[in-house]
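To keep things clear, I will list the structure first and then write my remarks on it.
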Amino acid sequence: MRYDIKKNYKLAIVTFSLYEMLCLSQRAYAVDTAQSLQPASAQACAAIAFNADRLACYDQYFGMPKTVIANQMASTPAVSAPSSDTLVDKLKSSVSSIYTSDTSKPASPTTSLLDSRWELSEASKLGTWNIRSYKPVYVLPVFWTSEKNTTPYSPNPDNQVPYQSLDATELKFQLSLKTKVWENIFPNNGDLWVGYTQSSRWQAYNSKESSPFRETNYEPEASLVFRTNYNLFGLDGRLLGVTLNHQSNGQSDPYSRSWNRLMLNIGLERGNFAVVVRPWYRIPESSSSDNNPDIENYVGRADVTTFYKWNDHQFSLMLRHTLKGGSNSRGAVQFDWTFPIKGNLRGQLQYFNGYGESLIDYNHRANYVGVGVSLLDWY
């Protein structure tokens, strides 16, 4: 096998650029966070994933006038603790006293998975226009499939793709973020969020075809999210939302694939376990412009994502189905496991089986196995 220095150099440059872009964006966001965050409580800061952002949030919260902090601390019982010589120790002591001061409050964002990501309780609010993590962010340098989709097709005659020379192994990565644009639309409830997710499948090792990006999916959406409080089968119902979702691959015919959906989001949790159920309705398109008229019969009409955290390991399982029987009974399953490697470095293993791993593959069934690094988890 010939070692192509030019292609491997190109791969190294692009990979480094992607890593540097993520690092720079994180640094820039951390600098801006101190000025933009409006935390409702110290618990809200504790739910932030990035260390720099979390510290900036604490600075913003504890930078309030002394009279405000004094009034807040006066209402809490004294907590015996050893004297602290460092700012970090004093901060931990203050936060601990806040946690134990009011047992009537809902679950803390540090223990509620859904609250930590969606700021459901009043104590977890961080204000508007703060960039938050959404879906997992990862890079999988190895993403292998059992069945290459060399001739994607659709019932629309304008979307018949000629043969493509593809490698079975490619590189996959996903970026995802969200921000709250309107808080407490209704009295003490109802937040409007906008989110964006992008996932790419790059034929990085296919030097014969100049290492093309095989497929990139773009997914902007807007969600109206409400806090709920009920119990179902031992789980706490914490979230109810409605989402307007657009997903496309940004291509022209014959590669174009897209659809628009109206989704219902139902979130429940208990301890380190969370489940989100999402049935959806596809917004109809004209037959002439519909690139994938039968997508619901492959990708499905609903999905369920479960999540479990055990020590430093996180597991998620996504199940998707058409909600039909017979020959139209199709769907997909995806399992993700993230685990510690060293320090903040985390590994990720991903397995997918079924239809619709990407939009261009919406009616193509295959197994996929990915190995790489996790930058942000679900929770």
Listed by chain and number, the residues whose amide H is under 5 Å from that of ARG214, excluding neighbours fewer than 5 places away on the same chain and using placed H, are ARG201, TRP202, GLN203
In nm, the gap between the two label points placed 7 Å beyond Cα toward Cβ at GLU122 and PHE335 is 4.4
Extend 7 Å from the Cα of LEU262 along its Cα-to-C-beta direction; within the range 191-235, residues with backbone N under 20 Å of that point are 191-195, 220-226
Expected sort for HIS364, HIS313 with the fewest Cβ neighbours (10 Å cutoff) up front is HIS313, HIS364
Dividing the surface of the Cα convex hull of the range 261-379 by four yields a projected area in nm² of 8.7
Over all directions, the range 136-376 yields a Cα convex hull whose mean projected area in nm² is 15.1
Over 25 Å (Cα to Cα) among LYS125/LYS309; LYS125/LYS172; LYS135/LYS309 -> LYS125/LYS172
For the pair VAL371 and ARG270, the simple spin-label estimate (label points 7 Å beyond Cα toward Cβ) gives in nm 3.6
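Any read-out appearing in this document is the output of simple, stated calculations on the displayed coordinates, not a laboratory observation. As the structure is a computational prediction, the values presented were derived from the model and not from experiment. Here Cβ is always computed from backbone atoms with ideal geometry, including for glycine, and neighbour counts include all displayed protein chains.
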